[in-house]
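The values are calculated or read from the model by the stated rules, or taken from the named source; none is laboratory data. Since we're looking at a predicted model, the values are computed, not measured. Methodologically, a virtual Cβ is constructed for each residue, glycine included, from the backbone with ideal geometry; neighbour enumeration extends over all protein chains shown.
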Amino acid sequence: MRVLLVHPSALMYSEIFLRLEPLGLERVAAALLDDGHDVRLIDLQVYRKHDLERQLTGFAPEAVGFSLNYLANVPEVVDLAKQIKVMLPDCFVFAGGHSVSFVAEQVLAHAEGAIDVVLKGEGETGAPALLAAVPDRALAEVPGAVTADGPGRPPAMLHSLDDHLPARHLGGRRRKYFIGVMDPAASIEFTRGCPWDCSFCSAWTFYGRSYRRLSPEAAVADMTRIAEPGVFIVDDVAFIKAQEGDEIAAQLEQRKIRKKYYLETRCDVFLRNEEVFRRWKRLGLEYMFLGLEALDEDGLKAFRKRTTPKVNNKALEVARSMGLMVAINIIADPDWDEAHFAFVREWAMSVPEIVNITVQTPYPGTETWFTESRHLTTLDYRLFDVQHAVLPTRLPLHRFYTELFRTQSVLARKHLGFAALARTTGIAARHVLRGQTNFVRMIWKFDKVYNADRQYSEHQREARYLLPPPAGKPVAAPDRKELFVHVPLRRRP
């Protein structure tokens, strides 16, 4: 079968700071190739709509699959699906991914028949089974498939992450992928899932708090296929088990593979497994993302981070001593006033780390969706991007955005302004000489993308598609198993 896989366009944050290859879609593509399908892939983060239209007319796919990992992309994908059904009425259209797994029935309703199936759960298992079932229309038998008639069998987990390494060769314009100063940068996955249960996060609810890993052999085999000098390790929490990080490092050392690495982890994991991070520093680890989320004990408890300010501060000290560049995330509470924003700005300017600010957002699939979503001020999918306030703000909304922009602008100038540019002139010059302009462009784009007027005005847009309003009575804490997309047969430590 001729299959076209489509990743939707970039969201607000990735207009500036990063643009990552569609790793999950590349793994689904690999699974479909292994099943004998003729597969093409187009990423609308780096291509345009007219490029998609050329693929539709030239390739004439019999099936089109959309990646819907981000809630804010739902309207775009629904509209594209409707256009495809006009152009190719007999084409089978499906969507899958993280966020759509929690709102499958609603997205099908929005599509009004333009999306035949939403696949919940991992696509490497679901997509091949779905396309095999299309000729007989036995869609209800496919694990994870949801049709207009409702859900069928529960989704099945991939037996081994070693299967279906990403089909990176299907994509194009790979020089457009970057993260910060790592330009260009590929992405790689070593583990999947998270055993923690932060209240604002849906990683643990999607995977049922399971945690799986690639074998060291498969991880290194995938690394050898990456041509880019920079690699972003996309694991929710890198090197939870020191032995696993050591085993991959040993094989990379043996093969003399050197890259520049960027990863995400927790402060407590970083301190507990300090030696493995030091080993990766020798291999090329330069950048690390730590999700502090809050600066005080009460905030950490509210997010159920299961850590303390003392642990977080210690992790920052150790990272500095190792020479790592650390990015920190702080979640802005809609209840913040001017004084709280000022406190965060003052603290952020007092530390050498890169500090990012996101806005507290209840997402379907998170615990906070059940506890906070009845207070939502909007149901517009497009505003659920952690850059917009969707809960009531203490300050008038435009004033909230003014303070948010002021804070973001101060932090951006710290790392993207003229003084910062002077410190990174050599890096920028080397990028430009290689024809890489992503990092340089992001320095000048900040005010065009982030400003209070834009963010406020986006609340005034007419919304054609709305999230379903919360049903039932408010709950203090939902049954956790009801949040799970995948329910593991055997819980792993």
Checklist entry - Mind checking whether some residue in region 210-220 is closer than 19 Å to F102 by Cα, crowded, with 20+ Cβ neighbours inside 10 Å, in contact with a Lys or Arg (Cβ under 8 Å, 6 or more places away or on another chain) and touching a residue at least 12 places away in the same chain (Cβ under 8 Å)? => result yes
Checklist entry - Right, W336: over 27 Å from G193 (Cβ atoms), crowded, with 18+ Cβ neighbours inside 10 Å, hydrophobic (A, V, I, L, M, F, W, C) and modelled with pLDDT of 95 or more or not? => result yes
Checklist entry - Name the pairs: first residue in region 375-400 and closer than 25 Å to F17 by Cα, second residue assigned to a loop (DSSP other than H, G, I, E, B) and among the basic types (K, R), Cβ to Cβ under 8 Å, at least 6 apart or on different chains? => result D380/R461; R382/R461; F400/R394
Checklist entry - Taking interchain pairs and intrachain pairs at least six residues apart, which have beta carbon atoms under 7 angstrom, with the first residue in region 301-321 and closer than 14 Å to W196 by Cα and the second surrounded by fewer than 17 Cβ atoms within 10 Å (Cβ to Cβ)? => result R304/D197
Checklist outcome for this item: Checked region 215-235 for anything in contact with a strand residue (DSSP E or B) (Cβ under 7 Å, 6 or more places away or on another chain) and not in a helix (DSSP H, G or I); matches are I226, E228, P229, G230, V231, F232, I233, V234, D235
Next on the checklist: Within region 166-200, take every residue that is of a type in the set (A, V, I, L, M, F, W, C) and assigned to a strand (DSSP E or B) and give me the one that is surrounded by the most Cβ atoms within 10 Å (Cβ to Cβ).
Outcome noted: A185
Next on the checklist: Could you go through region 410-418 and let me know if any residue there is of a type in the set (V, I, T) and at pLDDT 90 or above.
Outcome noted: no
Next on the checklist: Among the listed residues E297, E275, identify the single one that is modelled with pLDDT of 95 or more, of a type outside the set (S, T, Y) and more than 24 Å from the chain's Cα centre (by Cα).
Outcome noted: E275
